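Trainee: Let me begin by handing over the structure; questions about it come next.
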Amino acid sequence: MHGHKDLHLLGKTHINDNDRAPTIAFKPLRQSSASLTHKLQDAGIGSEHGHFYAHRLISDLGIDPEDGVVRLSLVHYANLNDVNRILQALETALD
């Protein structure tokens, strides 16, 4: 997702020594976070949107805290097939 033309990834783009949780937050650039989240949920992908108790940070990033960002957690997706399914659903939802 890093460098995708329709998304702005928030946070680090890499992992060093297990220094981050398997949670990804991003802002869609051509639709609302709510809209993208609903499309992902309709495809069976667990996702949510909002400010996730970081209202001030989201606001300071110039993002409407009511719509917020999309958040995906890979904790419940156990293998490469699961991740590929997420990526395919995301590509479809972004079209």
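Trainee: In the stretch 1-52, which residues are exposed (fewer than 13 other Cβ atoms within 10 Å of the Cβ) and of a type in the set (Gly, Ala, Ser)?
Mentor: Answer for the stretch 1-52, where residues must be exposed (fewer than 13 other Cβ atoms within 10 Å of the Cβ) and of a type in the set (Gly, Ala, Ser): Gly3, Gly11, Ala21, Gly44.
Trainee: State which residue pairs qualify: first residue within 17 Å of Val83 (Cα to Cα) and inside the stretch 1-24, second residue surrounded by 10 or more Cβ atoms within 10 Å (Cβ to Cβ) and at pLDDT below 75 in any location, beta carbons under 6 Å apart, and separation of 6 or more residues or different chains.
Mentor: If the second residue must be surrounded by 10 or more Cβ atoms within 10 Å (Cβ to Cβ) and at pLDDT below 75, the pairs left are Leu9/Met1; Leu9/His2; Thr13/His2.
Trainee: Search the stretch 53-79 for residues being outside any strand (DSSP E or B) and at pLDDT below 90, and hand back the single one that is surrounded by the most Cβ atoms within 10 Å (Cβ to Cβ). First the steps, then the outcome.
Mentor: Of the stretch 53-79, the ones outside any strand (DSSP E or B) are 53-68, 74-79.
Then keep just the ones that are at pLDDT below 90; that gives 74-79.
Working: Leu74: 14, Val75: 10, His76: 8, Tyr77: 17, Ala78: 9, Asn79: 8.
Ranking the qualifying residues of the stretch 53-79, first place goes to Tyr77.
Trainee: Kindly establish whether His49 is at negative phi and modelled with pLDDT under 95.
Mentor: Against the criterion (at negative phi and modelled with pLDDT under 95), His49 does not qualify.
Trainee: Identify all residues within the stretch 57-86 that are without any contact (Cβ under 8 Å) to a residue 24 or more places away in the chain and within 16 Å of Gln41 (Cα to Cα); write none if there are none.
Mentor: Tyr77, Asp82, Val83, Asn84
Trainee: Against the conditions (1) touching a residue at least 40 places away in the same chain (Cβ under 8 Å); (2) within 11 Å of the chain's Cα centre (by Cα), where does His49 fall short? Just the number, please.
Mentor: Going through the list (1) touching a residue at least 40 places away in the same chain (Cβ under 8 Å); (2) within 11 Å of the chain's Cα centre (by Cα), His49 breaks only (1).
Trainee: Among the residues of the stretch 20-52, which ones are among the hydroxyl-bearing types (Ser, Thr, Tyr) and assigned to a helix (DSSP H, G or I)?
Mentor: Result: Ser33, Ser35, Thr37.
The values are calculated or read from the model by the stated rules, or taken from the named source; none is laboratory data. For clarity, every value in this text was computed on a predicted model and none was experimentally measured. No Cβ is skipped: glycine too gets one built from the backbone with ideal geometry, and neighbour counts run over all protein chains shown.
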